[in-house]
Structure formats: C-alpha cells, structure tokens
1. Please give the number of the condition residue 209 fails out of (1) under 20 Å from residue 8 (Cα atoms); (2) within 15 Å of the ligand (Cβ to nearest atom); (3) out of contact with any helix residue (DSSP H, G or I) (no Cβ under 8 Å at 6 or more places or on another chain).
2. Restricting the first residue to region 65-84 and requiring it to be small (Gly, Ala, Ser), which pairs with a second residue that is within 15 Å of the ligand (Cβ to nearest atom) meet a Cβ separation below 7 Å and a spacing of at least six or different chains?
3. Looking at 61, 51, 26 in this structure, which one is within 16 Å of the ligand (Cβ to nearest atom) and crowded, with 24+ Cβ neighbours inside 10 Å?
4. Out of the residues in region 143-154 that are part of a helix (DSSP H, G or I) and surrounded by fewer than 16 Cβ atoms within 10 Å (Cβ to Cβ), state the one that is modelled with the lowest pLDDT.
5. So residue 175 passes all but one of these: (1) assigned to a loop (DSSP other than H, G, I, E, B); (2) surrounded by 20 or more Cβ atoms within 10 Å (Cβ to Cβ); (3) of a type in the set (Val, Ile, Thr). Which condition number does it fail?
6. When the residues of region 144-178 are narrowed to those that are small (Gly, Ala, Ser) and more than 10 Å from the ligand (Cβ to nearest atom), which ends up farthest from residue 208 (Cα to Cα)?
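The values are calculated or read from the model by the stated rules, or taken from the named source; none is laboratory data. Model, not experiment: these values are computed from the prediction. A quick note on method: Cβ atoms are made from the backbone with ideal geometry, for glycine too, and the neighbour counts reach across all protein chains shown.
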Amino acid sequence: MSDPTIKGLPPPPTKYDGSDFRIAIVHARWNDSIIKALLEGTINKLKEQGVKQENIVVKSVPGSYELPFATKQLIEAGKIQSANAAPSMIASSTTNLLSLIDNTTTTSSQSQSEKPATATTTNGPSTKPFDAIISIGCLIKGSTMHFEYICDAVTHGLMKIQLETGTPVIFGVLTALTDDQALERAGIGRGEKGKGHNHGEDWGLAAVELAAQNRDWA
Ligand code: DLZ
C-alpha cells in the first residue's frame, strides 16, 4: 500500500507549450540516488512539455545549502549571456559567470544519460535568459538541528531569489524525516509501501506552467 500522504500535481488547466523555454536545473549531490531519480523525472517531464534538450542546462552543487547561491548565479549568468548580443556591454568580470552556463560542459549527472545536444542540433542552444530555474535537493533529518536550519535557510533563500529577480524558481527540495519518505517521493521507494511518486515530474510541469504564466503576465 503506497503512502496516502504522497500527492502529485494535477494537470494544469491549459496545456502549456515549453518549446520556446530555456530552463536551468541546479541540483545538490547529497543523497545521490534520490537526486538522480528526481533529476530524471524533472527532465523527462520538461521534455514531455516540449522543452528542447539543448535548452535545459543542468548544474550541480555539493549540498542543498548551496542551492540559493547557485540559483541566483545562474539567473544572473543567463541574463548576461542574453546581453551578449552587445558584447561591448559585458564587463570582463562577468566572464566567470558566463562559464557557469556553457552548455558544452557535461555535468556528472548528465554524463550517463543527458549529454547536451549542442553538437547535434541545427539551431543550437538558446542564449536568452532562463524562463525558470528548478532547484533540486534532498534533505533528510538526522539527530541534530542541522536539518531544521538548512531547510529554513534554503526555503527562504529560494523564495527571496525569485521575488527579487522576477525569474520563477521551482522549489525542488525534499525535506524528509526518513530515508524511506525521500525514496517514496522520488518514485523509488522500497518495501511494502510501493515505489511512491516522483516529485521531479511535478517540478518539471510547474516550471513550464510558471514560465508560460510569467511571460503572459509581463
Ligand atoms: C552537511 C549536510 C548534511 C548533514 N545533510 C545534508 C542533506 O541531507 N542534504 C543535503 O542536500 N545536504 C546536506 N548536507 C550538506 C549541506 O547542504 C552543505 O552542502 C554543507 O553544509 C556545506 O555548505
């Protein structure tokens, strides 16, 4: 019997077309197998919504605590890259940020199944600002207060970034009390409770919906 507290996102009222969107995913590496499943679920759902492989940029950081900083840097880097049309306006100090989103770089998580399609596409990857960022992590409670502090910092950090930058940030952070809770929410649960539901799929769907709404509201 699967955990009745696990819920998924119902389909949006409108089917959104993600084919013009450029989405960044930044994920923590702690709790590796859970992160890999969540990442796969997210990317599969983005593609299902029409987002092109070459317009999905994937980056990693050590742990969830690093997610707000990396998310902010990626948003800024995307904006700078977009301004590249007028190269003289780009200060040399921004080149480090730009290297952050060089799509030709393969991340550890991409290396197995998600190699960037840069070399094989005719039009090449988009260089417009990111339409949404998905920040993925998995925090599992231990015996100290560490979990509570990081959950709080990351949650508030990510919310602050999206409100300040105007770029939607999807909260892809599992905050689980046990390993089994996290496994079930990554769709790879074990034991009699079943595999559960992969929340990465919800995050991919939410990213396309928010990106579309944000464009329409602008
Ligand atoms: C240190 C730590 C611990 C104990 N647990 C987790 C966790 O469950 N999930 C996670 O994403 N990161 C964890 N970290 C690492 C911190 O997020 C962070 O990377 C370090 O404190 C360095 O800033």
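1. (2)
2. Sorted first by the residue in region 65-84, then by its partner, the pairs are 70/26; 70/59; 70/61.
3. 26
4. 146
5. (1)
6. 157
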